[in-house]
Amino acid sequence: MLQEASTSTSPIARDVPRIAHEALKPHESCNALDAGFLEAVALGEVRLTPQQALDLLQHAPLHTLGRFADLRCRTLHGDSIRTYVIDRNINYTNVCNAKCTFCAFRRDGDEHDAYTLNYSAIHAKIDELVAIGGTQILMQGGMNPALPLEWYLDLLQSIKAKYPHLHVHAFSPPEFIEFVHFFNPPGTTLRDKIYHVMVQLKEAGLDSLPGGGGEIFAPAVRRKIGLGKCDATAWLDCMSVAHELGMFTSATMMFGHIEGLADRVHHMARVRERQDEALSRGVDGWGHYTAFISWPFQRENTPLGRLPEWGEQEGELDAPFPGDVVAKLDGTGKKTEHTEFGRRVRLAGASDYLRTQAVSRLFLDNIYSIGSSWVTMGPPIGQMGLMYGANDMGSVMMEENVVSSAGTTYCLNEAVLCRLVRDAGFVPAQRDNFYDVLRVQDGAASPDQQVRDWSKHRVPRLAQHAPIAKPTVTLTATAAAR
Ligand code: SF4
């Protein structure tokens, strides 16, 4: 049995406005690397400017970033509890009419391994989730033109009828934008049309929106990697509609491909700006972003991943990475500013991942939760993420299809997840989608405390890294030219 959710002390998302409404004036003249300034940022007394965030990404020692991101995290979340959720990723279809170059998951509708799960298959997955104490499903899919609105409405209603307490976290903004194209709802603006569809899905059982499809917002990058996917403004507008309807959402960023460091900061700045707007409306009946999760691009089996890495050719590393030449903090970078832009990737390793996550914790002062991405980085780096600004370990992983199609992802049960949190020096706690603590794992009954033989809890990988083929650029002519 789950413990009663605490209403008095739980670090709920409704606490976020308290952060944002305090006078967080940027101090543009301050040196971002000054320890006193960073301490003020960490304590929530001053707001980082985009330029200062870029300075940190470029120049701050990793340890400094970790130290102050951790202080920021402790200021918001205390020294004790770090959370996780038990949910299940259900990818209801892999049929998709977009062709993102980083995606190994999508299929055309007539491919032999294209699929759309029927309701009973989805219910069977939920049964397995409920059996291990799961509280929510994360349901996302390709953008499948064969599915009518009624399919989604009936699906949501069937889930809520059978599992009334299950939280349905589903349909990222790119899916909503395609719903508008597929269903042609009434309305004069895109926002009106999204609203028309979203309100029906909400009434049918949709509880909140995941931040999938964020990738990188800068147009020059997005046009290269997200072929057929909505632009950043549409993505953000979709989330604004969800907030207007009182729903909480998350935001994501996928980095470590063709983008420059300034693109990462621009991405976070757009999220922060929209969060300020959402929070300025107040909290009664309004939603906002509750979490930000970033992860590095996984290259296997993807057209983007077959691009050569920057530095493979002699002398390249003496020159700036093309993405950094193009990237601008205001998002106005033009692909024409470097002939090799979009033709080389700069993959992110553990250090780059931790740096980026730490900067996100310091920069996104109005977002409550920063999630660690052990799914792509592996459990030890995910655990390290708790010292680099993350307060949340995400979900026990029963199933994952999208990222694992493009590289190694890992599968963790609750005992291993709890052990990772505890070994990092914190008390693990199961949370719900609102970041309310459901159960603090501080007793002998905790999942990890009951394990006597950890050899039976080895961390299985969902996909294995394949050897990377030598640079053979196989982006389509269209993809490379955009
Ligand atoms: S990432 Fe999503 S939208 Fe893009 S091709 Fe893959 S399934 Fe489709």
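What follows draws every value from the coordinates through simple rules; no lab data is involved. Fair warning: this is a prediction, and the values are worked out from it, not measured in the lab. Glycine also receives a Cβ, built like all others from the backbone with ideal geometry; neighbour counts cover every protein chain displayed.
Of the residues Ser240, Ser120, the one with the fewest other Cβ atoms within 10 Å heads the list, and the complete ranking is Ser120, Ser240.
Distance from the Cα centroid of the stretch 147-186 to that of the stretch 281-319 is 27 Å (rounded to whole angstrom). The per residue volume of the convex hull around the alpha-carbon atoms of the chain is 153 Å³. Spin-label model, Gln51/Leu347: points 7 Å from Cα along the beta carbon direction are separated by 3.6 nm. Under the membrane-span-like helix rule (DSSP H runs whose alpha carbons stretch at least 27 Å along the helix axis, mean Kyte-Doolittle hydropathy -1.0 or higher), the chain yields 261-280.
Net charge near Ala390, counting Lys/Arg +1 and Asp/Glu -1 over other residues with Cβ under 10 Å of its Cβ? Local net charge: 0. Taking amide H atoms as placed 1.01 Å from N in the peptide plane, the amide H of Asn89 lies under 5 Å from those of Leu138, Met398, Glu399, each 5 or more residues away in sequence or on another chain. Spacing of the modelled spin labels on Glu316 and Thr189, each 7 Å from Cα toward Cβ, amounts to 4.4 nm. Taking 7 Å steps out from each Cα toward its Cβ at Ala124 and Ala445 produces label points 3.2 nm apart. Shape summary: the stretch 269-418 maps onto an equivalent ellipsoid whose semi-axes, from the alpha-carbon gyration tensor, are 29, 24, 14 Å in decreasing order.
What separates the Cα centres of the stretch 250-279 and the stretch 32-85 is a distance of 17 Å.
The alpha-carbon of Lys193 sits under 28 angstrom from the alpha-carbons of these lysines, leaving out residues fewer than 8 places away in its chain: Lys99, Lys160, Lys202, Lys224, Lys229.
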